[in-house]
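The values are calculated or read from the model by the stated rules, or taken from the named source; none is laboratory data. Treat the numbers as computed from the prediction; the structure is a model and nothing was measured. All Cβ positions, glycine included, derive from the backbone under ideal geometry; neighbour counts span all protein chains shown. Heavy atoms of the whole protein, side chains included, go into the accessibility calculation; ligands, DNA and RNA do not. Shrake-Rupley method; radii C 1.70, N 1.55, O 1.52, S 1.80 Å.
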Amino acid sequence: MTEACTFVIFGATGDLARNKLLPALYHLHAAGRLNRDTRILASGRRHQDREAWLAETRSDLASSVRGGLSEEVFSRFADRTDYIRGDLNDAQFYELLHQKLSEKQAYPTDIAFYMALSPADYAGVIEKLDQVGLLEETKGWRRVVIEKPFGKDLQSAGQLQSQLARHLHEEQIFRIDHYLGKETVRNILVFRFGNALMEPLWNRNTIDHIQIIHAEPQGIGKRGATYENSGALRDMVQSHLLQLLTFVAMESPISMAADALHAEKLKVLKSIRPIPADRVNECAVRGQYAAGTVQGQSVVDYRCEQNVAADSRTETFAALKLHIDNWRWAGVPFLLRTGKRMAEKQALVAICFKKPPQQFFRASHVHCEASNWLLIGIQPHECMRLEMTVKAPGEALDTRQTSLDASFRRADETVNDAYEDLLLDIINGDRSLFLSYEEVQQAWRIVDPVLQAWEKPENDLHLYPAGSWGPAAADALFEEPCRFWRNTL
Ligand code: BG6
């Protein structure tokens, strides 16, 4: 059981709060994982009062929570929530907030502030919280949760960090990346460091290349205005995919404590070879979806989406080839790829092993003889699958592929949403699955040259039909023949 605290959500009427945070809090509450006295204070501008906000929250939860909404559970959940309406730019709002949080016995004195806001608002809100004394830790702890993107490039991340550092010390800042809360992602650490079997194979001697892939059939929905200032590289690669890469590539940490994990992840990021400004086209490919059919539905061009410029050059697809210059990974390319409006949802890490030095057998089903692959399915299919070559029954020594499956959960077990465990980590003060500023800095260092090159109109933007696997140009990132993107498990 966690300790009692107050959870303040700024931006409580926005998509993140409605689709992720409130369902996660509801699930934690329903499972008895929140302290009885924990209170949730939601703040937004859209609803006039608590009743209006609760009515919308109830209807959102009814359509999203696992197993359906229980009225009884919801009513007890509602008992621990309150709503405060206010304008984040108005100094008076913070006075009111302070008064409310000081109400005798109503709110536990340990407080987490969740910034479910536009990144442009983070610094201002934190400054104003400090001005009214809400960040002082005299009566309890104060933690601030910051969503990605942390800045929009290396320079702006530095500015944001200096602004935060004026009001908070590092242990108070929780830079969240929800991918690190996924069970399947944390399982990468257990699979690597809980089995002696993998370690001798996990290096340049046996691994040919590694792919880290995120594809989704959804477009940008109502996020046009935000997405236009972001694009796939900032939205997915700088954060989630590079974090996945650190889990796959890091050395064994001395423990699973935050400092130990951060140190090993940072070493990996620091070892990633800089992409020279004049060679971006050899290492990076960008694309934008055009009209097409996704899972049986016709969809429009990215440029016809709401709040998107008719001549937008924002990428909805990004693929990157990176090299890690250290002993373990010298010469092993890491290929990262993400896209919206792709053929299907697929988040996976695909590790391709080197081929045997001699090929004696005839593969019956593929042009190039098959490699061994280790496939780590993150979603929607969680799996840990090792593809092997075996003999196909029959007189000849023909081969076929089969797989060894190491599923990490039993059929009767459910998987929590990533936000559930991460919210508990915030309450428990466990920063191991949150990012250090140095990691964020390194991630920007890696993608900044690409972002800068893509600002220039002469660099290609490849259109791809919605419902495909992205532009064919991304195939050229594989230098050797017989290498291809693993679209499916
Ligand atoms: C978010 C991105 O961080 O992750 C979205 O902003 C993306 O654009 C989402 O769709 C993907 O997360 P998941 O967990 O659905 O793979």
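Between the C-alpha center of the range 271-316 and that of the range 24-88 there is a gap of 37 Å.
Less than 15 Å Cβ to Cβ from I427, Lys/Arg counted +1 and Asp/Glu -1: what total charge do the surrounding residues give?
-1
Averaging the sequence gap over all C-alpha pairs within less than 8 Å and six or more residues apart, then dividing by the number of residues, gives the range 1-74 a relative contact order of 41 percent. For the range 348-440, the gyration tensor built on C-alpha atoms gives a prolate shape. Its axis ratio a/c (a ≥ b ≥ c) is at least 1.5, and a/b is the larger of a/b and b/c. Once the other residues with Cβ under 11 Å from the Cβ of N229 are scored (Lys, Arg +1; Asp, Glu -1), what is the net sum? Once positives and negatives cancel, what remains is +1.
In the chain, the DSSP beta bridges split such that about 55 percent are antiparallel, to the nearest 5. Ligands, DNA and RNA aside, E439 has an accessible area near 0 Å² when probed at 1.4 Å. Heavy-atom accessible area with a 1.4 Å probe sorts R204, R80, largest first, into R204, R80. In this calculation the C-beta distance from D153 to C304 is compared with R0 = 30 Å, giving a FRET efficiency of 0.60.
Report, in listed order, any pair from K152/K345; K20/K265; K152/K456; K265/K340; K182/K321 with a Cα-Cα distance greater than 21 Å.
K152/K345; K20/K265; K265/K340; K182/K321
Computed with every protein chain present, the accessible area of K148 is close to 50 Å² [probe 1.4 Å]. Pull out a ≥ b ≥ c, the square roots of the eigenvalues of the alpha-carbon gyration tensor of the chain, then state rounded if a/c is under 1.5, prolate if not and a/b is larger than b/c, and oblate in the remaining case. Cα axes put the chain in the prolate bin. Diffusion coefficient (Stokes-Einstein, Kirkwood radius over C-alpha pairs, 20 °C, 1.002 mPa s) for the range 5-147: 139 µm²/s, rounded to a whole number.
By the helix-only formula, in which each DSSP H run with n ≥ 4 contributes -39500 (n - 2.57) and the sum is divided by residues, the chain has a 222 nm mean residue ellipticity of -8500 deg cm²/dmol. The mean accessible area for residues of the chain, using a 1.4 Å probe and ignoring ligands and nucleic acids, is 45 Å² per residue. F361 contributes an accessible area of around 90 Å² to the protein surface, as traced by a 1.4 Å probe with all chains present.
Solvent-accessible area of the chain (1.4 angstrom probe, protein heavy atoms only): carbon and sulfur portion equals 49 percent.
When the residues S102, S432 are ordered by accessible surface, computed with a 1.4 Å probe over the protein chains alone, the sequence from largest down reads S102, S432. Model label points for A396 and R410, set 7 angstrom from Cα along the Cα-to-Cβ axis, are 4.5 nm apart.
Surface listing: C5, C283 arranged by accessible area from highest to lowest gives C283, C5, probe 1.4 Å. Which of rounded, prolate or oblate describes the range 277-371 when judged by the alpha-carbon gyration tensor and an a/c cut-off of 1.5? Oblate is the answer for the range 277-371, as a/c is 1.5 or above yet b/c matches or exceeds a/b.
Net charge in the neighbourhood of N205 (other residues with Cβ under 14 Å of its Cβ; Lys, Arg +1, Asp, Glu -1) is +2.
Scaling against 2.2 N^0.38 Å puts the C-alpha radius of gyration of the range 397-438 at 2.05. Our note on the geometry: Cα centres of the range 214-235 and the range 430-489, 14 Å apart.
Between 0 and 90 degrees, the angle of helix 91-101 with respect to the longest Cα principal axis of the chain falls at about 80 degrees.
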